[in-house]
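Comments concern the structure below.
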Amino acid sequence: MTDWEERWRQNETPWEKGYAAPPLSEYLEEDGAELLAATRVLIPGCGSGHDVREITRRGIGATGLDISPSAIEVARAMPPAGKEDYLCGDLFRDDWRAAHRFDAVWEHTCFCAIDPSLRPAYARAMSEILPPGGFLTGVFYLTPWDPGEKVESPPYEASREEISALLAPWFTLRKERVPGRAYPGREGREWLAIFERHS
């Protein structure tokens, strides 16, 4: 299991690019309806909060969640961009989920970072956090490794089919596309998907 707090303390954060995910910026500029209609958006695994602030610049309330206290400390030290806040907590704790509700979730780095054995729990957590009609919107990092290669650290491999199947008991896929913008090296390897929580 990855020790995220230790990685933040040691400044071993190669995922930290210094700006929001390009697919998020593109989505908000071109449409963004599912997030723009939300009152409060959850960003799990928010790190230093670049995606959180990109969302709140549009007047949307957003909460960044991270398991690392150091990441949350960095995020809180950044100049605020709007109606954002940051919480240190564990998405997989029943008591944390029971105490929080959101209209939408922006997924960027959480799904690919957790151990694959936790993915069913992730899908259930999303279903518990979001009400019927709520949206799980995000860019999923697809990692088509060579067959037989064992991936022992994040980002872990995923596919459209696996993600859709995990979420299917609670969510309906409404929109999908390959983003036109990406961090260098991720071109064509990301999937923007919008899932609606059904009853």
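The values are calculated or read from the model by the stated rules, or taken from the named source; none is laboratory data. Because the structure is predicted, anything quoted here is derived from the model rather than measured. Note that we place each Cβ from the backbone using ideal geometry, even for glycine, and neighbour counts take in every protein chain shown.
Out of all the residues in the range 158-193, which are assigned to a loop (DSSP other than H, G, I, E, B), out of contact with any helix residue (DSSP H, G or I) (no Cβ under 8 Å at 6 or more places or on another chain) and charged (D, E, K, R)?
Pass one, the range 158-193, residues assigned to a loop (DSSP other than H, G, I, E, B): 158-159, 168-170, 178-189.
In the following step, the residues that additionally are out of contact with any helix residue (DSSP H, G or I) (no Cβ under 8 Å at 6 or more places or on another chain) were identified as 159, 168, 178, 184-189.
Once the filter is applied, which keeps residues that are assigned to a loop (DSSP other than H, G, I, E, B), out of contact with any helix residue (DSSP H, G or I) (no Cβ under 8 Å at 6 or more places or on another chain) and charged (D, E, K, R), the range 158-193 yields R186, E187, R189.
Looking at L91, L136, can you tell me which residue is aliphatic (A, V, I, L, M), crowded, with 21+ Cβ neighbours inside 10 Å and assigned to a loop (DSSP other than H, G, I, E, B)?
Being aliphatic (A, V, I, L, M), crowded, with 21+ Cβ neighbours inside 10 Å and assigned to a loop (DSSP other than H, G, I, E, B) holds for just one of L91, L136, which is L91.
Can you name the residue in the range 1-18 that is surrounded by fewer than 12 Cβ atoms within 10 Å (Cβ to Cβ) and under 17 Å from the mean Cα position of the chain (by Cα) and is also modelled with the lowest pLDDT among such residues?
P14
Could you give every pair whose Cβ atoms fall below 6 Å, whose first residue belongs to the range 105-119 and is touching a residue at least 24 places away in the same chain (Cβ under 8 Å) and within 11 Å of I43 (Cα to Cα), and whose second residue is in a loop (DSSP other than H, G, I, E, B) and among the aliphatic types (A, V, I, L, M), counting only separations of at least 6 or pairs across chains?
H108/A21
Within the range 158-165, does at least one residue satisfy the condition of being in contact with a Cys (Cβ under 7 Å, 6 or more places away or on another chain), more than 18 Å from L24 (Cα to Cα) and among the aliphatic types (A, V, I, L, M)?
yes
Report, by residue number, each residue of the range 39-64 that is among the hydrophobic types (A, V, I, L, M, F, W, C) and either surrounded by fewer than 22 Cβ atoms within 10 Å (Cβ to Cβ) or part of a helix (DSSP H, G or I) (or both).
V52, I55
Return the only residue of D51, D31 being at negative phi and in contact (Cβ under 8 Å) with a residue 24 or more places away in the chain. Quick ask: steps written out before the conclusion?
Values: D31 fails: in contact (Cβ under 8 Å) with a residue 24 or more places away in the chain.
Checking each option against the conditions leaves just D51.
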